[in-house]
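The values are calculated or read from the model by the stated rules, or taken from the named source; none is laboratory data. Because the structure is predicted, anything quoted here is derived from the model rather than measured. Positions of Cβ are backbone-derived with ideal geometry, glycine not excepted, and every protein chain shown enters the neighbour counts.
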Amino acid sequence: MDPAPLVAGLFGSLYGSFLNVVVHRLPRAESVVTPRSRCPHCGAPIAALDNIPVLSWLRLRGESRCCRKPISARYPLVELAAACLASGLWLKWGAAPAFAAGAVLACGALLAAALIDWDTFLIPDELSIGLALSGLLFSPLNPYFDAGPGGSWWLAPYWSARGALLGFGLGWAVAEGGEAVFKKEAFGGGDVKLLAGIGAWTGAVGAFDALMLGSLLGAVYGLWLLRAGKARRSDAIPFGPFLAAGAAFNFFLLLPLGWPFS
């Protein structure tokens with residue numbers, strides 16, 4: 001059995017541990033580098049042996065060693081999600097390892113953006129604009145742009161920039177149209193910039209696909225909330241998590257939803 005996907009999953013889990021730090025600190029305008037990981041309850045530094053992705057949470061039975069207060073199950077779930085994404089992306093793009101590594105980083109940024117938006121209704125520019133810039137940087141390696149060995153890699157930055165601009169334009173059009181129809185914000189500025197970042201990685205087709213898939217997922221979730229009596233029609237629902245889910249799907253398969261933009 002090829003061990004590469006397992007190795008990718010291991011590094012993905014470590015990346016997921018870092019993403020937990022990003023999700024906690026970035027909305028608070030804190031450094032994601034220093035200080036090192038601390039208990040979210042009492043602030044005590046977390047020992048290296050207590051910071052092993054997934055395993056430490058299981059070994060400590062979901063409690064902090066220092067103050068014995070519960071640690072959210074979201075921490076190991078994020079690490080596990082990042083590990084699965086890394087393994088899956090390696091299986092998909094292992095023949096283009098540099099792009100596979102970039103795709104893992106991009107999907108991690110999407111995961112962080114989704115969680116932050118879920119918590120705060122905000123998507124930090126560091127993530128959305130960072131996705132756009134990194135998509136342009138990795139474009140000469142991107143198979144979606146006919147790049148890489150034997151491909152037209154010199155045209156890849158054009159296709160990436162085109163995807164980012166069209167993603168931004170689509171998002172802006174939806175935001176303006178939604179506000180005109182519903183008389184309130186239906187698509188936030190963070191969503192618009194996130195869609196631009198998605199387009200930089202998966203092109204104009206990917207931006208359109210992510211918007212359609214995200215809208216479908218968001219509608220299903222909203223209907224479930226209404227039927228379960230957990231929300232009213234006037235309640236706001238963050239769209240970033242569903243947009244990010246559609247974008248992550250794009251890294252594995254582009255559907256022909258956005259064929260007019262190909």
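List of remarks:
- The one condition from (1) assigned to a helix (DSSP H, G or I); (2) free of Cβ contacts under 8 Å to residues at least 40 places away in the same chain; (3) under 20 Å from residue 115 (Cβ atoms) that residue 32 does not meet is (1).
- Some residue of region 180-195 being more than 21 Å from residue 118 (Cβ to Cβ) and at pLDDT 95 or above: no
- Residue in region 64-77 that is farther than 19 Å from residue 202 by Cα, touching a helix residue (DSSP H, G or I) at 6+ places or on another chain (Cβ under 6 Å) and in contact (Cβ under 8 Å) with a residue 40 or more places away in the chain present: yes
- Subset of region 1-32 (residues that are out of contact with any helix residue (DSSP H, G or I) (no Cβ under 9 Å at 6 or more places or on another chain), surrounded by fewer than 16 Cβ atoms within 10 Å (Cβ to Cβ) and closer than 21 Å to residue 105 by Cβ): 25
- Sub-6 Å Cβ pairs linking a first residue in region 117-146 that is in contact (Cβ under 8 Å) with a residue 12 or more places away in the chain and within 23 Å of residue 218 (Cα to Cα) to a second residue that is buried (at least 22 other Cβ atoms within 10 Å of the Cβ) and β-branched (Val, Ile, Thr), at least 6 apart or interchain, are 117/123, ordered by first then second residue.
- Checking residue 42 against (1) at pLDDT below 90; (2) within 28 Å of residue 214 (Cα to Cα), the condition it does not meet: (2)
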